[in-house]
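The block underneath contains the structure these notes are about, expressed in structure tokens.
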Amino acid sequence: MQKNSINMRKILFLLPLLSFVFATCAISQQTEDFRKKAPPAGPAPKIELGEAVRFQLDNGLEVILVENHKLPRVSFQVFVDVPPFMEGNQAGYSSIAGQLLSTGTTSRTKAEIDEAVDFIGASLNTSANGVSGSCLTKHKDKLLELMADVLFNPTFPEEEFEKIKKQTLAALAQAKDDPNTIASNVATVLRNGKDHPYGELETEETVENIQLDKCKEYYRTYFKPNISYLVVTGDISEEEVRKIAQQYFGDWQPGEVPQEEFPTPEPPAITQVDFVDKAGAVQSVINITHPIQLPPGHPDAIKASLTNTILGGYFNSRLNANLREDKGYTYGARSRMDQDKYVGSFTAYASVRNEVTDSAMTQFLLEMDKLQREPVGEEELSMVKSVMTGSFARSLENPGTIARYYLNIARFNLPDDYYATYLQRLSEVTAEEVLATARKYIMPHRAHLLVVGNKDEVADKLKNFAPDGEVHFYDHYGNKIEEAPIPVPSGMTAETVLSRYVQAIGGDKLNDVQSLVIIMNAEMQGIVLETTIYHKEPNKLVTRNSMMGNIMHERVFDGESGVNVQMGQVSKIEGDELKDTKVDAVLFAERKFPELGVKTELKGIEMVNGQPAYKIVLTYPSGKKKTYYYNTESFLKVREVETTGGATTTSDIEEYMEVEGIQFPKKLSITGAAPVPIILETTKVEINVPLPDEMFIYEE
């Protein structure tokens, strides 16, 4: 059974230590009038991409060469155009398979591969879609030999598999409580559905399920030359490329590749309001999204790109001008219209304050609707075309971009002059075509209006946007929360829960505690961080964070005043921070919330790690809010959520220890406080040890 946690505010002073580890003059009216008008658009510049050479080997491998002799460097990419497929309960195995390619071959270990690449000053990367590398031209054969080796002779070492799997799990753990990641994941599921590969999520559970044999099976099934491309760019001739393509890739055996059929995702019949609860969040992530049918090269592709840029595709777009510059709701509002061979997507998004979430949603929908009702003005249209022209022209400075364009031409069967005539076709798009495109691809009345945020403060305000009057709730992975709310037992109040909690952690034994010392450790990147907490009645507190024996951060409070000391810099505790510290410094403060001025409200019962828990929102004298969760059977605290400086920290209590009849946390999992989850383990608890008053007074 999960048990109680001490106040996590005392633990979160570890954060500073974690941060350590890881012209103008008056001018004539004529000139002023001139500057008020944008200059007329000139003719679209002619684009010279340079000629690409394309040919195919007998095994089906298509070769693309883009010569560039400005520097003595050459790049190679073998791109395997894997069709969509379902990975099921082992989702993520294709990614791990791709990473494993460069970790060992039949003739080289990972260390030997890395050493050989470094020796020639090259780069070599592998992924689920193949292998790529670059080097000085004189070293091209050495690099190609390495690339061919990892492509054709991988051994998929078990040790490296476990290492990559562990790294993947750590990255997922780091991201799982990030509201933007949650919004992206849930939007993916809602937009595409779980029966489509694009709606499949890689989670900690699916990665845990991955077997090495599944990675090998992926490689054997999809790494075939007849669905692959060899793209070569740089200081190399056609004659040389024809020779090396045959030499290093000519013996690659073709084979049949499965092509699965999936239902085409459709937008909802009516607008659907979707919500993911992020307890304690002070901001909402808005994500308005729906699928679209817009494959690369479609006649509407350039029109759609222009339409999206007007709406939310650059800094001065309509969404950003409205929500950021005019309303001040957000630091940035954007939109995106993604083209894809199988199914594309439209998304408009921003992070906004809780109190303006509904207002921001209104402005999003108004801007989307306006673009469908009113033709864009010629001045705005000309300006956005100029922005896109400049962006496109700058992209051509990179030979790799040009190579990618030619790869797209091959993959999607585009006209050979598709990119060479891009700017000409962009310049010809009219305001009427933008209007028609907006009506076709932007669907404010058939979209998922997804919000990730604080349910208590935001969710009810969104009902007005739902034609059915409902807000649909989902978990962090897009699973719909179907169960009816668990009713709170009659007579149960916040005061009752807190009283039962006090009894659960020790009851009257708490009154005998006059002093307390708790030592906790966390390990990050091989470095042990130690947190020591000293408490003394009635409300004296010292929290000290150390690394390798050196004190990195310290908070010293004598009950009335105190300081924070970080790396020798001293700052006085004052204002709202002082009000909050006077609460947090009290031993087992839940006993005294009313007299400390802490207001409590029972908000219902929610599931925490699969177990029902009472949710209580605390309002400190400063106005700061925290959310505590108490198991409905044991009444022991199982989670604390606190938002500071816009960042939400969640502390889960995983394991406990009993000392002299009182329950203390033995293991805490903290997310949101650092780039990676923090696991704190209690190594020592001492009760009623002598603590002199002088230690709670800071002396320089």
Look through K138, K142, K165 and report the one residue that is under 27 Å from P254 (Cα atoms) and modelled with pLDDT of 95 or more.
K142
Residue match in region 351-371 (condition: buried (at least 18 other Cβ atoms within 10 Å of the Cβ), among the small types (G, A, S) and assigned by TED's automatic domain parsing to the domain that holds K278):
yes
Determine which member of the set R242, R220, R191 is within 29 Å of A647 (Cβ to Cβ) and of a type in the set (K, R).
R191
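For every residue, the table says whether it meets (1) out of contact with any strand residue (DSSP E or B) (no Cβ under 9 Å at 6 or more places or on another chain); (2) not small (G, A, S).
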residue	(1), (2)
V429	yes, yes
T437	yes, yes
P444	no, yes
H448	no, yes
F465	no, yes
Y474	no, yes
G478	no, no
E495	no, yes
Considering region 266-282 alone, what residues qualify as being more than 16 Å from N185 (Cα to Cα) and in contact with a His (Cβ under 6 Å, 6 or more places away or on another chain)?
P267, T271, Q272
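Yes/no per residue for (1) surrounded by 14 or more Cβ atoms within 10 Å (Cβ to Cβ); (2) in contact with a helix residue (DSSP H, G or I) (Cβ under 7 Å, 6 or more places away or on another chain); (3) more than 30 Å from V502 (Cα to Cα):
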{"site": "M547", "(1), (2), (3)": "yes, yes, yes"}
{"site": "I551", "(1), (2), (3)": "yes, no, yes"}
{"site": "V556", "(1), (2), (3)": "yes, yes, no"}
{"site": "E560", "(1), (2), (3)": "no, no, no"}
{"site": "F588", "(1), (2), (3)": "yes, yes, no"}
Within region 450-458, does at least one residue satisfy the condition of being touching a helix residue (DSSP H, G or I) at 6+ places or on another chain (Cβ under 8 Å) and either assigned by TED's automatic domain parsing to the domain that holds K194 or within 24 Å of L636 (Cα to Cα) (or both)?
yes
Taking F156, is it under 29 Å from I227 (Cβ atoms), assigned to a helix (DSSP H, G or I) and at pLDDT 95 or above?
no
Any chance I519 is assigned to a strand (DSSP E or B) and surrounded by fewer than 19 Cβ atoms within 10 Å (Cβ to Cβ)
yes
Among residues of region 482-492 being at negative phi and over 37 Å from the mean Cα position of the chain (by Cα), the residue surrounded by the fewest Cβ atoms within 10 Å (Cβ to Cβ) is S490
Can you find a residue that is over 34 Å from the mean Cα position of the chain (by Cα) and either on the phi > 0 side of the Ramachandran plot or in the same structural domain as F161 (by TED's automatic domain parsing) (or both) anywhere in region 91-104?
no
By residue number, the members of region 293-343 that are surrounded by fewer than 23 Cβ atoms within 10 Å (Cβ to Cβ) and in a strand (DSSP E or B) are R334, R336, D338
Residues that are of a type in the set (A, V, I, L, M) and in contact with a Pro (Cβ under 9 Å, 6 or more places away or on another chain), drawn from region 408-438:
I409, L414, L423, A431, V434, L435
In region 117-139, anything aliphatic (A, V, I, L, M) and either over 20 Å from L101 (Cα atoms) or outside any strand (DSSP E or B) (or both) is listed as V117, I120, A122, A128, L136
Would you please name the residue that is farthest from I288 (Cα to Cα), looking only at residues in region 462-477 that are assigned to a helix (DSSP H, G or I) and in contact with a helix residue (DSSP H, G or I) (Cβ under 9 Å, 6 or more places away or on another chain)?
N464
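One line per residue, one yes/no per condition, for (1) under 22 Å from E694 (Cα atoms); (2) modelled with pLDDT of 95 or more:
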site	(1), (2)
M492	no, yes
I527	no, no
N545	yes, no
Q569	yes, no
Which numbered condition S395 fails, given (1) surrounded by 14 or more Cβ atoms within 10 Å (Cβ to Cβ); (2) of a type in the set (G, A, S); (3) modelled with pLDDT of 95 or more
(3)
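Check V556, V563, V570, V608 and return the single one that is in the same structural domain as V517 (by TED's automatic domain parsing), under 30 Å from I481 (Cβ atoms) and touching a strand residue (DSSP E or B) at 6+ places or on another chain (Cβ under 8 Å).
Details: V556 fails: under 30 Å from I481 (Cβ atoms); V563 fails: under 30 Å from I481 (Cβ atoms); V570 fails: under 30 Å from I481 (Cβ atoms).
Being in the same structural domain as V517 (by TED's automatic domain parsing), under 30 Å from I481 (Cβ atoms) and touching a strand residue (DSSP E or B) at 6+ places or on another chain (Cβ under 8 Å) holds for just one of V556, V563, V570, V608, which is V608.
The values are calculated or read from the model by the stated rules, or taken from the named source; none is laboratory data. What you see is a predicted model, and the numbers here were worked out from it, not measured in a lab. Note: ideal-geometry Cβ built from the backbone for every residue, glycine included; neighbour counts use all protein chains shown.
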